[in-house]
Amino acid sequence: MTNKKALILGATGVVGTQLVKEISNSKIYSEIHLLTRRAMKLADPKSIGHVVDFDNLSKYADLFNVTDVFICLGTTIKKAKSKEAFRKIDYDYVIEAAKMAKTSIVEKLLVITAMGTLNHQ
């Protein structure tokens, strides 16, 4: 096992849930920090859950002191209920997280999103 630490945003979604399983089974990471809107059951002792307010993500800057950040945030228009809410989740939160990773010690950042999502102006 190495001392790498991962941060996953969107760990409760379809992609995020699978990513948590894969990373938990890996010996690469000693800690896996999960940023979510609501509490979740943690099966892996390496996983540390953090319930956060994504509208105030900058309050959690210290959580970005990890090796790798995985951004798996996303929703549908139907779930978001408006284009504005959809944009906030699929674009604004992603950009804010990427900016925070850039000003931290993060070595790698991976964004998993729907096609065309980051093309918003």
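The values are calculated or read from the model by the stated rules, or taken from the named source; none is laboratory data. Worth saying up front: this structure is predicted, and the values here are computed from it rather than measured. All Cβ positions, glycine included, derive from the backbone under ideal geometry; neighbour counts span all protein chains shown.
Every residue in the range 65-87 that is part of a helix (DSSP H, G or I) and surrounded by fewer than 16 Cβ atoms within 10 Å (Cβ to Cβ), please.
Those that are part of a helix (DSSP H, G or I) and surrounded by fewer than 16 Cβ atoms within 10 Å (Cβ to Cβ): 77, 78, 79, 83, 84, 85, 87.
State all residues of the range 64-94 that are more than 15 Å from residue 8 (Cβ to Cβ) and either of a type in the set (Ser, Thr, Tyr) or at pLDDT 95 or above (or both); if no residue qualifies, say none.
Within the range 64-94, 75, 76, 82, 91 qualify.
Residues of the range 32-47 being over 20 Å from residue 93 (Cβ atoms) and surrounded by 15 or more Cβ atoms within 10 Å (Cβ to Cβ), which ones? Give the steps one after another, and end with the answer.
The first filter runs over the range 32-47 and keeps only residues over 20 Å from residue 93 (Cβ atoms), leaving 41-47.
Of everything in the range 32-47, those that are over 20 Å from residue 93 (Cβ atoms) and surrounded by 15 or more Cβ atoms within 10 Å (Cβ to Cβ) turn out to be 42, 46, 47.
Being of a type in the set (A, V, I, L, M, F, W, C), in a helix (DSSP H, G or I) and in contact (Cβ under 8 Å) with a residue 24 or more places away in the chain is the filter here; which residues of the range 10-19 pass it?
15, 19
So is residue 113 assigned to a loop (DSSP other than H, G, I, E, B), in contact with a Leu (Cβ under 8 Å, 6 or more places away or on another chain) and buried (at least 16 other Cβ atoms within 10 Å of the Cβ) or not?
Spelling it out, residue 113 is indeed assigned to a loop (DSSP other than H, G, I, E, B), in contact with a Leu (Cβ under 8 Å, 6 or more places away or on another chain) and buried (at least 16 other Cβ atoms within 10 Å of the Cβ).
Taking the condition touching a helix residue (DSSP H, G or I) at 6+ places or on another chain (Cβ under 6 Å), modelled with pLDDT of 95 or more and surrounded by fewer than 19 Cβ atoms within 10 Å (Cβ to Cβ), does residue 52 pass?
yes
One line per residue, one yes/no per condition, for (1) touching a strand residue (DSSP E or B) at 6+ places or on another chain (Cβ under 8 Å); (2) in a loop (DSSP other than H, G, I, E, B); (3) touching a residue at least 60 places away in the same chain (Cβ under 8 Å):
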{"site": "8", "(1), (2), (3)": "yes, no, yes"}
{"site": "21", "(1), (2), (3)": "no, no, no"}
{"site": "30", "(1), (2), (3)": "yes, no, no"}
{"site": "35", "(1), (2), (3)": "yes, no, no"}
{"site": "44", "(1), (2), (3)": "yes, yes, no"}
{"site": "58", "(1), (2), (3)": "no, no, no"}
{"site": "62", "(1), (2), (3)": "no, no, no"}
{"site": "97", "(1), (2), (3)": "yes, no, yes"}
{"site": "109", "(1), (2), (3)": "yes, no, no"}
